[in-house]
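This report concerns only the one structure given below.
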Amino acid sequence: MSEPKQIKPIPYGRQHISEDDIQAVVETLTSDFLTQGPKVAEFEEAFAAYVGARYAVAVSNGTAALHLCTMALGVNKGSRVITTPITFVASANCVRYCGGEVEFSDIDPATALLDAEKVRQLVESKPKGYYSGIIPVDFAGNPVNLEEFRKLADEHGLWIIEDAAHSPGGYFIDSKGEKQRCGNGRYADLAIFSFHPVKHIATGEGGMVTTNDVELYKKLLLYRTHGITRETELLEENHGGWYMEMQELGYNYRIPDMLCALGLSQLERADAGLARRRGIARVYDQAFAEVSGIQVLQTNPAALQEDHTGHAYHLYVIRVEDRKGLYDYLREHQIYAQVHYIPAHTMPYYRSLGYSKGDFPLAESYYSECLSLPMYPSLTQQEQEFVIGKVKEFVQK
């Protein structure tokens with residue numbers, strides 16, 4: 001395969017900003033509100049409709065979204081929460097922010113998702129009430145079967161936060177044959193999304209929480225803005241139109257209108273971007289199907305329906321024996337693949353809390369071999385062919 005005449009760096013992920021995006025931001029910059037204005041509510045309403053949830057709360061980033069969720073659910077020093085080690089550390093850190101304890105559980109090696117059966121074994125090894133909740137992650141855009149986790153949660157009085165940062169537009173099929181979109185609130189108490197530039201919808205920085213629970217929704221709104229309310233019916237006193245009350249210890253996790261304007265514009269073409277991601281994934285699948293030495297992560301069976309997949313493909317992950325060698329070889333050819341993720345329990349901070357390498361062998365085995373290849377809607381056919389060629393060249397030499 002001939003190489004492109006001029007090789008440009010090919011990252012693992014990249015935002016795409018259109019003229020419509022730019023115009024949407026400019027219009028907001030020249031409006032009366034840069035923050036705390038109408039674009040925030042517009043974005044929330046549009047995003048809730050997109051995922052099929054009743055309520056949405058826009059915040060400054062995905063980590064803030066996770067923190068607000070654990071606050072709203074009352075995580076505290078006595079709480080124990082289960083999550084996966086194969087995730088960005090924020091999925092676990094949000095529990096620690098509230099003083100709770102994180103319990104990791106191993107993955108299904110075929111999908112790299114949190115293994116529901118292993119979580120069940122962990123929960124049932126302790127008395128009822130020992131654990132407070134579960135944070136499953138739709139890793140790489142591969143939807144978790146939340147129906148399985150909901151059944152376990154209901155049996156043991158647990159809540160669920162769906163970390164859907166990788167999966168807007170993704171879905172799985174439940175036992176009734178119904179499509180359940182990631183973040184729709186049918187099986188999880190709360191769900192979070194991220195709008196970091198490499199995600200499906202880019203706002204620079206930004207996040208969203210979705211829920212169907214009105215009481216949790218009200219808490220999120222309060223905690224997002226310092227714990228302060230101006231709602232007349234909620235005030236303990238009322239000195240006049242200027243009056244507000246800080247009723248809880250909250251944070252400034254607001255997102256400005258100009259970023260929400262960008263999010264709204266990006267949301268309008270979210271389905272087109274998702275279709276393109278799935279098309280890129282099909283090309284990779286076909287290219288690597290018969291290549292010895294390359295293992296492709298499987299889509300969760302619950303997200304497969306005839307010829308369609310509910311996988312949102314934030315990432316396209318392969319496993320190879322010499323991951324470091326392939327990583328370096330691709331970089332030599334300006335292909336900037338990435339590793340997702342270093343198991344959270346092996347980080348020095350979590351090791352200081354008692355975790356050790358070897359605790360979750362399936363997660364650690366996955367980490368030793370995983371590599372995320374370029375995956376973003378503006379990836380060209382020529383660029384993808386070049387990536388595929390270099391991967392095969394290394395693996396088959």
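The values are calculated or read from the model by the stated rules, or taken from the named source; none is laboratory data. Small disclaimer: the values here were computed from a predicted structure and weren't measured. Note that each Cβ is placed from the backbone with ideal geometry, even for glycine, and that neighbours are counted across all protein chains shown. The area values use the complete protein model at the heavy-atom level, side chains included, leaving out ligands, DNA and RNA. Shrake-Rupley method; radii C 1.70, N 1.55, O 1.52, S 1.80 Å.
Remarks
- Surface share of carbon and sulfur [accessible, 1.4 angstrom probe, percent] for the stretch 235-371: 49 percent
- Per residue, the stretch 73-154 exposes 34 Å² of solvent-accessible protein surface, assessed with a 1.4 angstrom probe and all protein chains in place.
- Surface share of carbon and sulfur [accessible, 1.4 angstrom probe, percent] for the stretch 128-178: 47 percent
- Mean separation of Cα contacts under 8 Å, 6 or more apart, over the residue count of the chain: relative contact order %: 23 percent
- Taking one quarter of the surface of the C-alpha convex hull of the stretch 47-187 gives a mean projected area of 8.0 nm².
- Taking all protein chains into account, the per residue accessible area for the stretch 335-397 stands at 44 Å² (1.4 Å probe).
- For the chain, adding -39500 (n - 2.57) for each run of n ≥ 4 DSSP H residues and dividing by the number of residues yields -11000 deg cm²/dmol at 222 nm.
- Considering the stretch 265-367 at the alpha-carbon level, its Rg and Dmax are found to be 16.9, 47 Å.
- Between 0 and 90 degrees, the angle of helix 323-332 with respect to the longest Cα principal axis of the chain falls at about 80 degrees.
- Note on Lys390: lysines with a C-alpha under 20 Å away, same-chain residues under 8 apart excluded, are Lys5, Lys8, Lys324.
- Inter-label distance, nm, simple model (7 Å from Cα along the C-beta direction), Glu215/Asn238: 2.5 nm
- Dimensionless Rg over Rh [the chain; C-alpha; Kirkwood]: 0.98
- Length-normalised contact order for the stretch 69-189 - Cα pairs under 8 Å, 6+ apart - percent: 21 percent
- Sulfur and carbon atoms: percent of accessible area, the stretch 1-65 [1.4 Å]: 50 percent
- A probe of 1.4 angstrom, applied to the heavy atoms of all protein chains, finds Tyr131 with accessible area near 10 square angstrom.
- Relative to the longest principal axis of the Cα atoms of the chain, helix 19-29 runs at roughly 20 degrees.
- As computed over the stretch 246-298, the Cα convex hull volume per residue (Å³): 172 Å³
- Against the chain, whose longest principal axis comes from its Cα atoms, helix 146-156 is set at around 50 degrees.
- Accessible area of Leu158 in the full protein assembly, 1.4 Å probe (Å², nearest 10): 10 Å²
- Peptides 88-94, 163-169 ordered by average Cβ neighbours within 10 Å, highest first: 163-169, 88-94
- Contact order for the stretch 178-327, expressed relative to its length and based on alpha carbon pairs under 8 Å spaced 6+ residues apart, stands at 17 percent.
- Point-to-point label distance, Ala110-Gln23, nm (Cα→Cβ direction, 7 Å offset): 4.8 nm
- Taking the chain as a Gaussian network of alpha-carbon nodes connected by springs under 10 Å, the highest mean-square fluctuation of the residues Glu231, Glu44, Glu385 belongs to Glu231.
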